[in-house]
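Since the structure comes first, as structure tokens, the remarks are kept for the end.
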Amino acid sequence: MEEKISLPIKTKIAAWWMKQSGILSFILIGWLFVSMMGYMGPMFEVVGFFIIFLFISGILLIRFSSSLSKKRRGMLKASLILLLILLILATLLSNEYRKEGGVAREGYAFIMQLLLYLLYTPPLILLLLDRKNFFKVAT
């Protein structure tokens, strides 16, 4: 009989982290939307782009993590590319938020950038460390 090979532990953790990051992105959307109600200032466009960014990243993270859990070979590369793009976009959006808001928004932009780095960096590192083991078991 054929022995069933399980997914490497780092990949399991990375897929779980990506799924939780996607869910947390939807929670952040709700928080940003509620905090933005009734505000039509110069930051409205930046926060609007940030809400769209979180929505799309949440959907993609949940989708890619479920495909990664099913051991699909192409999903590892796609997940790595997605996480790199999300890190770059998070940096650009928080820097734009920092520029538009001035000194008053400096601390808020730093916290937002730190939170996004904590969401997207650990799965990226785990997937990079475990890519050889993933390719051994991927179909």
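The values are calculated or read from the model by the stated rules, or taken from the named source; none is laboratory data. Note that the structure is a prediction, hence the values are computed from the model and not measured. Cβ atoms come from the backbone with ideal geometry, glycine included; neighbour counts cover every protein chain shown.
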Given the options Lys132, Lys71, name the one that is loosely packed, with under 13 Cβ neighbours inside 10 Å and either touching a Cys at 6+ places or on another chain (Cβ under 8 Å) or of a type in the set (Lys, Arg) (or both).
Lys132
Could you list, in sequence order, all residues of the stretch 104-120 that are without any contact (Cβ under 8 Å) to a residue 60 or more places away in the chain, under 15 Å from Gly58 (Cα atoms) and not aliphatic (A, V, I, L, M)?
Tyr117
Among the residues that make up the stretch 98-120, is at least one of them among the β-branched types (Val, Ile, Thr), farther than 23 Å from Ile29 by Cβ and either at pLDDT 90 or above or buried (at least 17 other Cβ atoms within 10 Å of the Cβ) (or both)?
no
Just one of (1) in contact (Cβ under 8 Å) with a residue 24 or more places away in the chain; (2) assigned to a helix (DSSP H, G or I) trips up Lys71, so point out which.
(2)
Selection from the stretch 123-132 of residues over 22 Å from Asn95 (Cβ atoms) and part of a helix (DSSP H, G or I) yields Pro123, Ile125, Leu126, Leu127, Leu128, Leu129, Arg131, Lys132
Return the residues of the stretch 67-92 that are under 16 Å from Tyr120 (Cα atoms) and not aliphatic (A, V, I, L, M); say none if nothing qualifies.
Lys77, Ser79, Thr91
Identify, from the list Lys71, Lys77, the residue that is charged (D, E, K, R), modelled with pLDDT of 75 or more and either at negative phi or in contact with a Phe, Trp or Tyr (Cβ under 6 Å, 6 or more places away or on another chain) (or both).
Lys77
So which of Phe33, Phe55 is farther than 21 Å from Ala78 by Cβ, out of contact with any strand residue (DSSP E or B) (no Cβ under 6 Å at 6 or more places or on another chain) and either surrounded by 11 or more Cβ atoms within 10 Å (Cβ to Cβ) or modelled with pLDDT under 90 (or both)?
Phe33
Please specify each residue of the stretch 36-49 satisfying the condition of being more than 17 Å from Arg98 (Cβ to Cβ) and either at pLDDT 75 or above or among the aromatic types (Phe, Trp, Tyr) (or both).
Tyr39
Verdict on Leu92 being surrounded by 14 or more Cβ atoms within 10 Å (Cβ to Cβ) and either part of a helix (DSSP H, G or I) or in contact with a Cys (Cβ under 9 Å, 6 or more places away or on another chain) (or both):
no
